[in-house]
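K.L.:
Okay, handing you the structure first.
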Amino acid sequence: MKVAALQTVSGSTLAGNLDSAARLLAEAVGAGAELAVLPEYFCLMGARETDKLEVRERFGSGRVQDFLAQQARSLGLWIVGGTLPLAADDPAHVRNTSLAFSPQGECVARYDKIHLFKFDNGREAYDESRVIEAGAALQAFTLPSRDGHAWRVGLSVCYDLRFPELYRGLSADLLLVPSAFTFTTGQAHWELLLRARAIENLAYVAAPAQGGRHENGRRTWGHSMLVDPWGAVLAQRPEEGEGVVLAELSIDHLAQVRQQLPALGHRVL
């Protein structure tokens, strides 16, 4: 199964971001992808954190959800929409939500980001809890690939990457990590954490990321990549800017690695 991790440099205009996403999705399909994954905040990187409130949608209907469903149908593609803001219980907050769509345009899974990023090194500071309401449940879905295999695909988002117990709970063949890592934290930890999660779980990892200088002044790390169950980087975007990163995932290779090193069956705690 060929998987595409899409890298964007999203701005503050919803229409422009969706146009960029459509262009990258079409490129992914043209390269033979069955599954394409967009990064966190693919639809909006606003001037202020509260800009998310202005474009939030009710689950099941809205401009971004309709866009993802239509793209999946028209392209015949499995699509995971990195994240978009959905309405929360608290009107002053949103859920940072990843949605998976089948090639029929059906939403088959919803994951609300559980772990909320907070960072302050004296020069840059972030606190997602000011605007985002945390989710509480793990989420995975089954993707039947064209070659007849059923892949268990586990959903996560960005800062979740630092919490390995989440991935243990997913018990997935393919772990998705749509992200918007800061340049500072990405430079230090991005590849290291992604490869660790792949090795620990003997699973493939697909990590599409925001990558570049955004209109709001924020700089994200990028380096979107796909990693195999042995921890090898199959493909990576080495520079900033939007683009498509592709790799072929093999269920036979996954089974072979798990048979040679049956660590998942050796768990005690």
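Taken together, the values in this text are just the output of simple stated rules run on the coordinates, not laboratory data. If you're wondering where the values come from, they're calculated on a predicted model, not measured in any experiment. Methodologically, a virtual Cβ is constructed for each residue, glycine included, from the backbone with ideal geometry; neighbour enumeration extends over all protein chains shown.
K.L.:
Of (1) small (Gly, Ala, Ser); (2) in contact with a Ser or Thr (Cβ under 9 Å, 6 or more places away or on another chain); (3) surrounded by fewer than 20 Cβ atoms within 10 Å (Cβ to Cβ), Ala87 satisfies all except one. Which?
P.N.:
Answer for Ala87: the failing condition is (2).
K.L.:
Going through Leu143, Leu175 one at a time, which residue ends up being in contact (Cβ under 8 Å) with a residue 40 or more places away in the chain, in contact with a Phe, Trp or Tyr (Cβ under 7 Å, 6 or more places away or on another chain) and either in a strand (DSSP E or B) or exposed (fewer than 14 other Cβ atoms within 10 Å of the Cβ) (or both)?
P.N.:
On the way: Leu175 fails: in contact (Cβ under 8 Å) with a residue 40 or more places away in the chain.
Leu143 is the lone residue from the list that is in contact (Cβ under 8 Å) with a residue 40 or more places away in the chain, in contact with a Phe, Trp or Tyr (Cβ under 7 Å, 6 or more places away or on another chain) and either in a strand (DSSP E or B) or exposed (fewer than 14 other Cβ atoms within 10 Å of the Cβ) (or both).
K.L.:
So which pairs qualify, if the first residue must be in region 218-231 and crowded, with 23+ Cβ neighbours inside 10 Å, the second must be part of a loop (DSSP other than H, G, I, E, B) and of a type in the set (Lys, Arg), the Cβ gap must be under 8 Å, and the two must be at least 6 apart or on different chains?
P.N.:
Here the result reads Gly222/Arg237; His223/Arg237; Ser224/Arg237; Met225/Arg237, each pair linking region 218-231 to a residue that is part of a loop (DSSP other than H, G, I, E, B) and of a type in the set (Lys, Arg).
K.L.:
I need every pair where a residue in region 240-259 that is farther than 15 Å from Ala31 by Cβ has its Cβ under 9 Å from the Cβ of a residue that is acidic (Asp, Glu) and buried (at least 17 other Cβ atoms within 10 Å of the Cβ), sequence separation at least 6 or different chains.
P.N.:
Pairs that qualify, where the first residue is farther than 15 Å from Ala31 by Cβ and the partner is acidic (Asp, Glu) and buried (at least 17 other Cβ atoms within 10 Å of the Cβ), are Ser250/Asp228; Ile251/Asp173; His253/Asp228; Leu254/Asp173; Leu254/Asp228; Val257/Asp228.
K.L.:
Surrounded by fewer than 18 Cβ atoms within 10 Å (Cβ to Cβ), acidic (Asp, Glu), in contact with a Leu (Cβ under 8 Å, 6 or more places away or on another chain) and touching a residue at least 12 places away in the same chain (Cβ under 8 Å) - does that describe any residue in region 42-56?
P.N.:
Taking region 42-56 and keeping what is surrounded by fewer than 18 Cβ atoms within 10 Å (Cβ to Cβ), we get 47-51, 53-55.
The next check asks that each one be acidic (Asp, Glu); those that pass are 49, 51, 54.
Checking which are in contact with a Leu (Cβ under 8 Å, 6 or more places away or on another chain) leaves us with 51.
Retained after the next criterion (residues that are touching a residue at least 12 places away in the same chain (Cβ under 8 Å)): 51.
Within region 42-56, one or more residues are surrounded by fewer than 18 Cβ atoms within 10 Å (Cβ to Cβ), acidic (Asp, Glu), in contact with a Leu (Cβ under 8 Å, 6 or more places away or on another chain) and touching a residue at least 12 places away in the same chain (Cβ under 8 Å).
K.L.:
Mind listing just one residue for me: the one in region 4-42 that is assigned to a loop (DSSP other than H, G, I, E, B) and among the β-branched types (Val, Ile, Thr) and, of those, farthest from the chain's Cα centre (by Cα)? It would help to see each step written out before you state the result.
P.N.:
As a first pass, look at region 4-42 and keep what is assigned to a loop (DSSP other than H, G, I, E, B): 9-13, 31-34, 38-42.
Imposing the further condition that a residue be among the β-branched types (Val, Ile, Thr) reduces the set to 9, 13.
Details: Val9: 14, Thr13: 20 Å.
Once the filter is applied, the top-ranked residue is Thr13.
K.L.:
So for region 183-191 (the condition being in contact (Cβ under 8 Å) with a residue 40 or more places away in the chain and not in a helix (DSSP H, G or I)), does at least one residue qualify? Walk me through how you get there before you give the answer.
P.N.:
Here is the first cut: in region 183-191, the ones in contact (Cβ under 8 Å) with a residue 40 or more places away in the chain are 184-185, 191.
Going one step further and asking which of them are not in a helix (DSSP H, G or I), we end up with none.
No - not one qualifying residue is present in region 183-191.
K.L.:
Something else about it: Looking at region 107-130, is at least one residue buried (at least 17 other Cβ atoms within 10 Å of the Cβ), farther than 20 Å from Phe163 by Cα and over 19 Å from the mean Cα position of the chain (by Cα)?
P.N.:
Checking region 107-130: not a single residue is buried (at least 17 other Cβ atoms within 10 Å of the Cβ), farther than 20 Å from Phe163 by Cα and over 19 Å from the mean Cα position of the chain (by Cα).
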